Amino acid sequence: MTRQTASAARVQKMESAFKCPLCESKVRVTGFKSLICSGNHSFDFSKHGYLNLSARPSGSKYTKELFEARRKIIAESSLYASMHEAIAGVIKGHRSGSGDAYTVADLGCGEGSHLHRILEECGSPGIAGVGLDLSKEGIIMASKSYEGPVWMVADLARTPLADQSLNVVLNILSPSNYKEFKRIVVHDGLVIKVVPRSGYLKELREALYGGKENKRDRSDETAALFRKHFVLSDVVHLSYTQQLNQAELGNIVRMTPLAWSGNKALIDGYVNRNSAEITVELDIWIGVNKREAEKHG
Ligand SMILES: [Zn+2]
């Protein structure tokens, strides 16, 4: 079976979870080749199995080099291992109280490594994974690297996902669209959002900006907005430092957009060290999607 056919078969099994990004009508898989809506909009599965369902051009400033570096850090180093384990633990606990079909989508998945690692940690073949990102470059890499999930180029503000089609939305260090998340997650489903705290990659920022960076911590405002949409059932705090070797230092610089505007000499000085410590400080918000009437009473 080719990747194209295998991916089409996976999408076919969960057709009702998707809708046409252009006219919002129902879609079906035809000939293991395309996804077609009842209004005849047609989207072909690529050779590597992903679908491009973006209603607008999917150019992004994120390059292949950035995604390659990101994949190496997430999938090959243990920098985010604690986060993957914590999220997988939450999903496993939630899943034990639900029925057979269970879908986890990562919205803003980039090159897909977080979703891949989290599903791996869940260790459950019965969980369907969906990864969405507006960056075609990211989704191409995801579909080449990881065969299990369904990969789609799509707009977060207009996802090709049907109402209440997901059990869990993951949103990891990536912009949110809470209104859309609320629409696509089932009642009592989860929205798991990972946000950086002030110490996140602080050594990198200090090295790149010579300690002059003055970034306002907006996490309280962001948390209030999250709680407007979802019932916050838990917050997991992660805080640790880890030693990175020279190759990993290079990758962490390449995967970080903040480095692009940094001082070239400072960046070289940082990358050329033999090793350095890096801090990971993250909050994992676990929100439950309640009906409005249930939220306050
Ligand atoms: Zn359509």
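The values are calculated or read from the model by the stated rules, or taken from the named source; none is laboratory data. Everything quoted here is computed from the prediction, not taken from an experiment. Positions of Cβ are backbone-derived with ideal geometry, glycine not excepted, and every protein chain shown enters the neighbour counts. Only protein heavy atoms, including side chains, enter the accessible area calculation; ligands, DNA and RNA are left aside. Shrake-Rupley method; radii C 1.70, N 1.55, O 1.52, S 1.80 Å.
Details
- Backbone N within segment 184-198 under 18 Å of label point (7 Å from LEU266 Cα along the Cβ vector): 198
- Solvent-accessible surface of segment 3-295, taken per residue with a 1.4 Å probe and all protein chains present: 45 Å².
- Residue among ALA55, ASN40, PHE67 farthest towards the positive dipole end of segment 3-295, charges placed on Cβ: ASN40
- Distance between modelled label sites at ARG28 and ARG3, nm, 7 Å Cα→Cβ extension: 2.8
- Computed E for GLU65/SER239 - FRET, C-beta separation, R0 30 angstrom, nearest 0.05: 0.55
- Ordering of 100-107, 17-24, 36-43 by packing is 100-107, 17-24, 36-43, highest average first (other Cβ atoms within 10 Å, averaged per residue).
- The length gained on full extension between GLU206 and THR222, counted as 0.36 nm times the residue separation minus their Cα-Cα distance, comes to 3.4 nm.
- Under the convention that each Lys and Arg Cβ holds +1 and each Asp and Glu Cβ holds -1, the size of the dipole of the chain around its Cα centre is about 700 debye.
- Using R0 = 51 Å, the C-beta based FRET efficiency linking LEU173 and SER16 works out to 0.95.
- Extension gain, LYS144 back to ARG56 (0.36 nm per residue minus Cα-Cα distance, nm): 29.4 nm
- Measuring nothing but protein heavy atoms, the accessible surface of segment 3-295 at 1.4 Å probe radius is 48 percent carbon and sulfur.
- A quarter of the convex hull surface defined by the alpha-carbon atoms of segment 3-295 gives 15.1 nm² as the mean projection.
- Among TRP285, TRP151, TRP260: highest mean-square fluctuation, GNM of the chain, C-alpha pairs under 10 Å: TRP260
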